Amino acid sequence: YVVAGSDFKFFSDQLLLRVFGIYQIQDKSHVLYPQITGGFWDNTELSVGAFIMRGEKESKFGSPAAGQSRLFMTGKYSF
């Protein structure tokens, strides 16, 4: 496997762009994990992201056993 990723912060750390990926060398399948997180209001955090799985049906990440690609949205409020 090759795993790589990075975080990019904007607007005085109020906006976070996260991009990670996993590449399976033997069967050339991969997973991409982009995410955007914003904390524009006090004590509040909103995130939107995805797990994107790609590869042939017989590959590690393309197999039906690995599951489908997913979109997600989360929210957090601290008090």
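The aspartates and glutamates within cross-link reach of K57, meaning a Cα-to-Cα straight distance under 19 Å and a gap of 8 or more places when in the same chain, are D27. Dipole of the chain computed with +1 at Lys/Arg Cβ and -1 at Asp/Glu Cβ about the Cα centre; of P34, F61, L16, farthest Cα towards the positive end is F61. Within a straight-line Cα-Cα reach of under 27 Å, K76 can be paired with the following lysines, leaving aside sequence neighbours fewer than 8 residues apart in one chain: K9.
Positive contributions from Lys and Arg (+1) and negative ones from Asp and Glu (-1), summed over other residues with Cβ under 14 Å from the Cβ of V48, come out at +2. For the chain, relative contact order (Cα pairs under 8 Å, six or more residues apart, normalised by length) works out to 23 percent. Straight-line cross-link partners of K28 among the aspartates and glutamates, defined as a Cα under 12 Å from its Cα and at least 8 positions apart when in the same chain: E56, E58. Summing Cβ point charges (Lys, Arg +1; Asp, Glu -1) relative to the Cα centre of the chain gives a dipole of roughly 200 debye. Within the accessible surface of the chain, defined with a 1.4 Å probe on protein heavy atoms only, the carbon and sulfur portion equals 60 percent. Using a probe of 1.4 Å, the accessible surface attributed to K57 totals some 150 Å² when neighbouring protein chains are kept in position.
The values are calculated or read from the model by the stated rules, or taken from the named source; none is laboratory data. Everything numeric in this text was worked out from a predicted model, so none of it was measured. Don't worry about glycine lacking a Cβ; one is built from the backbone with ideal geometry, like all the others, and counts go over all protein chains shown. Surface accessibility is based on the protein's heavy atoms, side chains included, excluding ligands, DNA and RNA. Shrake-Rupley method; radii C 1.70, N 1.55, O 1.52, S 1.80 Å.
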